[in-house]
Amino acid sequence: VKFIDKYANGVLEGDKNYSPNTYLADLFRKVNKSADKKFIWFSLYTQKFTAYIPASIISFIIQKIYYSPLIVMYFERFINLTLFILATFYTIKKIPKLKKVFCLVSLLPITVQQSFGINQDSINNTLFVILLGIIIRLIYDEKYNFTKKRITLIAILSILLACCKTIYIAILLLLLLIPSKKLRLKNESKIHKIIYIGTIIFVILIPCFIFYKYVGLHVPAKLDRFGDFYKIQDAINNPMNFMKIIIKTIILRGSLDTFRGLFDGFGWCSIWNIDIIRDILSVIYTILILTCVSKEEKITKFNHI
């Protein structure tokens, strides 16, 4: 059985027909690893192996016990889903406020779909949830102090996050919401607070970008089927063209990436909702997001935003 052709390429190209009987039959079917073809896929992102460590470990163990590709795949999905559930449960349990917000976001269709993926998104979201929970506790939990150990923990999580999807470390800007009294500064003015937190963020970002640049698998410099890759140097050399690219991206992807993607368009094999369903869902989620913070939590409008 050519599992790769059938359950990867075949699914993406839509040229395979599936039934419960054939699927269940393949589920427990072993294959000869030495005779199976080897395939390599390259992500649009530089391959950061840190995001695949949990799935790789469980894959190695299951293959030693029972090598059915579908069984291996489901165990890989299971370990990623388990880690996300544990991280989310622990965070919701510990944070003093925004529990409903966390619960809502963790149950969004796209969150559920990504949580059991064998990709960067699953581990990325798990790390993000843990890091966000720590920052929320630093902001709102009076007994949860801003210590050197917690700064170190934030730095480690940020480095791991950078090795999944670097842009997510922008979450460190939320450190600016920590009350000045927790920072134990001699001068509690806003300027001193911004300088202090800004310095900490800058120091954390240095190893993040070092890891981002050097910790990864080798990827060909150019993959034609993925189109062009743009770098900082491109923006410097031709800023006007780069601005055009940004504007076109916002027009083409803005709505999907900022809102519709929360509940629509899952991966390549997506069946998109019709417009009326999508609009109704948009209204429902907007109402939920705007009303899930209760007055008892006493969160300022600035922090809520």
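The values are calculated or read from the model by the stated rules, or taken from the named source; none is laboratory data. What you see is a predicted model; the values in this text were computed from it and never measured. Positions of Cβ are backbone-derived with ideal geometry, glycine not excepted, and every protein chain shown enters the neighbour counts. Please note that ligands, DNA and RNA were not included when accessible areas were found on the heavy atoms of the full protein model with its side chains. Shrake-Rupley method; radii C 1.70, N 1.55, O 1.52, S 1.80 Å.
Before moving on, here are some points about what is shown:
- Within the range 284-301, residues that are of a type outside the set (A, V, I, L, M, F, W, C) have Cβ atoms under 6 Å from residues that are surrounded by 10 or more Cβ atoms within 10 Å (Cβ to Cβ) and modelled with pLDDT of 80 or more in these pairs: Glu297/Lys97, counting only partners at least 6 apart in sequence or on another chain.
- Ile53 modelled with pLDDT of 80 or more and within 30 Å of the chain's Cα centre (by Cα): yes
- For the range 159-181, a residue qualifies if it is touching a Lys or Arg at 6+ places or on another chain (Cβ under 7 Å) and in a loop (DSSP other than H, G, I, E, B), and the qualifying residues are Cys163, Cys164.
- Residues being open to solvent by less than 40 Å² (accessible area, probe 1.4 Å) and either in contact with a Lys or Arg (Cβ under 7 Å, 6 or more places away or on another chain) or modelled with pLDDT under 90 (or both) - total across the range 190-206: 1
- Matching residues in the range 88-102 - criterion: being open to solvent by less than 60 Å² (accessible area, probe 1.4 Å), of a type outside the set (S, T, N, Q) and closer than 30 Å to Trp272 by Cβ: Val101, Phe102
- Close pairs (8 angstrom Cβ cut-off, 6 or more residues apart or separate chains): assigned to a helix (DSSP H, G or I) in the range 92-120, basic (Lys, Arg) anywhere: Ile92/Lys99; Lys94/Arg137; Gln120/Lys48; Gln120/Lys165
- Annotation: of all residues in the range 112-125 being out of contact with any Pro (no Cβ under 9 Å at 6 or more places or on another chain) and within 24 Å of Leu175 (Cα to Cα), the one that is surrounded by the most Cβ atoms within 10 Å (Cβ to Cβ) is Asn125.
- You will find that of Phe42, Phe60, the residue that is of a type outside the set (D, E, K, R), part of a loop (DSSP other than H, G, I, E, B) and modelled with pLDDT under 90 is Phe42 and no other.
- Pairs linking a residue in the range 165-193 that is β-branched (Val, Ile, Thr) to a residue that is open to solvent by 90 Å² or more (accessible area, probe 1.4 Å) and in a helix (DSSP H, G or I), with Cβ atoms under 6 Å and 6 or more positions apart or on different chains, are Thr166/Tyr212.
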